[in-house]
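Working notes for the structure below.
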Amino acid sequence: MKRQIPLIISFVCGIFMLIQFFIPHPGFISVYRGILNWARIIGVFALIIGIGTLVRLHFRRITRRSPGWFYSVVVFAGLIVTASAGIIGGTRGKLFVWIFQNINIPLDATMFSLLAFFMASAAYRAFRARTLDATLLLIAAVIVMFGRVPIGDFLWQAVAPQSWVDKVPFLPEQVAEWVMSGPNMAARRGIMIGAALGAISTSLKIILGIERSHFASSSQ
Amino acid sequence: MSLTERLLNIDRRYIYLVIAVAVLVPFILPFHMPVYVSQPVRSVYDFIEALPEGSVVLVGFNYSPSTMPELYPMSLAVLKHCCSRKLKIIGMTLYSSAATIGDTALKEMAESCSYQELQDYVYLGYKPNFEATMLGIGEDIADPFPTDYMNRPVTEISMMKNIKNYRDIALVIDLGSGNTPEAWIAYAGSRYGQKIASGCTGVMVSGLYPYLKAGQLVGLIGGLKGAAEYEKLVKLTGKATLGMNAQSMAHLAIIFLVLLGNVVYLISRHKARKKVKV
């Protein structure tokens, strides 16, 4: 029963969602809207599970005095203070907005901006023209990096002969655009069509109960 | 140790220093560079420009604070354009961490162009499970959003009186850093025929080109460059335009490092082959 009930629910919901698309009957629409509401309600539980996992993990690190346990205290402090500010003062409350604008945004932006440094270091060490494929990738990357910023056009207009500049004043940008809308798009379309076919096949397998890896264990 | 060996094993901190200098110098010594407006960005601008006054635009602020430097200036430029065209704006987010971002951006826009909340714009806030939310808007916007960000019933908001679902919305603009553009296309575009424009981070641009060329997106504003292009179109000197210099120099520095790395690699390989022959 533990496996059969979820399998039946998956089958009924999957088939219903499939056929309701083609039957715009008020009864079907009403059930469909009900299912969408359920889906949103279930989505909220993902947040609760996330917070629960975060609390459990960091509580364990503090009680065991694991290396860096002090940072777990900071996590708890952040969680309690921010949640309290939002619940008591509201999401437009001064403290809540202040925390978001002066702590959350700078910290998050700092973490993300570090990527530029790591990427530059990794590109210097690993982006090598070892094979023909790697060389093509390298050339495409340089063209796009050069064309996707105004300095590409600026240098082109400063260095190239005037007659060429008059004909194509924004050549680097246009070449980068061609790389994106030509070779890049062709490759992307192939990948996307493959992924979509895979998603359809997996969805059908889940609806029909052939694919069961989303249960606790495939061996059960 | 030879020069090539030293360059091959260079301390990564020197590379960090090069990038830091490349990013900082343009802020200390600013200079002007021409910004070319690409067709995907112009398409978004033209579409909004062609909308009649009072049309409804749904703006999704679907990005976290980490991508704010790219997407926040873009949000402001797009919102400024919408309010200059006197369009009604519905703001919302599918990211819990973006709830305050959308609210702040709309308030900033409202201050600059005298827009009144609940009359000219409404902010609905955050809802989880974006597939269900997008599909829900297609049936009745009050299903996923029974109240706005400040818990006021949506059905009682004057601006929302005649807005029920996608049929009443002229354009969805997704300003996102994740997979929300694809979801809008699948759930709002394909199912309800909704027109969609996307503003995304630089790294997402290549992945959205197939949708753009297939006509599933009316236009695409990509990264800080796209934001700068949009600022140029709406005649705004915002943070994207100012940030273009730093991004230009950083790109140049990375191109230089990649080329240097390859030159050094080829020299060392040539030397190694020579040694083997000897």
Quiz item: What's the number of the condition B:I10 fails, among (1) assigned by TED's automatic domain parsing to the domain that holds B:I101; (2) assigned to a loop (DSSP other than H, G, I, E, B)?
Solution: (1)
Exercise. Looking only at the stretch B:133-150, decide whether some residue is more than 8 Å from every other protein chain (Cβ to nearest Cβ), closer than 23 Å to A:F96 by Cβ, in contact with a Leu (Cβ under 6 Å, 6 or more places away or on another chain) and not polar (S, T, N, Q).
Key: yes
Self-check item: Scope the stretch B:100-122; condition in contact with a Phe, Trp or Tyr (Cβ under 9 Å, 6 or more places away or on another chain) and either in contact (Cβ under 8 Å) with a residue 60 or more places away in the chain or more than 10 Å from every other protein chain (Cβ to nearest Cβ) (or both); matching residues
Solution: B:G102, B:A105, B:L106, B:M109, B:A110, B:Y115, B:E117, B:Y121, B:V122
Practice problem: Answer yes if at least one residue in the stretch A:186-197 is facing chain B (nearest Cβ under 9 Å), within 30 Å of A:L7 (Cα to Cα) and without any contact (Cβ under 8 Å) to a residue 12 or more places away in the chain, and no otherwise. | Solution: yes
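Conditions (1) in the same structural domain as B:G178 (by TED's automatic domain parsing); (2) of a type in the set (S, T, Y); (3) over 30 Å from B:I185 (Cα atoms); (4) buried (at least 19 other Cβ atoms within 10 Å of the Cβ), marked per residue:
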residue	(1), (2), (3), (4)
B:V218	yes, no, no, yes
B:I221	yes, no, no, yes
B:A227	yes, no, no, yes
B:Y230	yes, yes, no, yes
B:V258	no, no, yes, yes
B:V264	no, no, yes, yes
B:R273	no, no, yes, no
Quiz item: How many of the residues making up the stretch B:74-87 are surrounded by fewer than 24 Cβ atoms within 10 Å (Cβ to Cβ) and either over 27 Å from B:A142 (Cα atoms) or among the charged types (D, E, K, R) (or both)?
Solution: 4
Quiz item: List the pairs whose first member sits in the stretch B:262-273 and is within 10 Å of B:T4 (Cβ to Cβ), whose second member is hydroxyl-bearing (S, T, Y) and part of a helix (DSSP H, G or I), and whose Cβ atoms are under 8 Å apart, counting only residues at least 6 apart or on separate chains?
Solution: B:V264/B:T4; B:I267/B:T4; B:S268/B:T4; B:K271/B:T4
Quiz item: Picking from B:L233, B:L259, which residue would you name as being under 20 Å from A:V149 (Cβ atoms) and free of Cβ contacts under 8 Å to residues at least 40 places away in the same chain?
Solution: B:L259
Exercise. Mind listing just one residue for me: the one in the stretch B:25-34 that is over 13 Å from B:K232 (Cβ atoms), in contact (Cβ under 8 Å) with a residue 40 or more places away in the chain and in a loop (DSSP other than H, G, I, E, B) and, of those, farthest from the other protein chains (Cβ to nearest Cβ)?
Key: B:P30
Self-check item: Of residues in the stretch A:123-137 being within 23 Å of B:A250 (Cβ to Cβ) and at the interface with chain B (Cβ under 9 Å from one of its Cβ atoms), the one surrounded by the fewest Cβ atoms within 10 Å (Cβ to Cβ)
Solution: A:A126
Quiz item: Quick one: what pairs do we get from the stretch A:82-108, first residue in the same structural domain as A:I51 (by TED's automatic domain parsing) and touching a residue at least 40 places away in the same chain (Cβ under 8 Å), second surrounded by fewer than 18 Cβ atoms within 10 Å (Cβ to Cβ) and assigned to a helix (DSSP H, G or I), C-beta under 8 Å, 6+ apart or different chains?
Solution: none
Quiz item: Does any residue of the stretch A:185-206 turn out to be surrounded by 11 or more Cβ atoms within 10 Å (Cβ to Cβ), more than 22 Å from the chain's Cα centre (by Cα) and charged (D, E, K, R)?
Solution: yes
Quiz prompt | Scope the stretch B:90-99; condition more than 11 Å from every other protein chain (Cβ to nearest Cβ) and of a type in the set (S, T, Y); matching residues | solution = B:T93, B:Y95
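The values are calculated or read from the model by the stated rules, or taken from the named source; none is laboratory data. None of these values were measured; they are calculated from a predicted model. Counting neighbours? That spans all protein chains shown, and the Cβs are built from the backbone with ideal geometry, glycine included.
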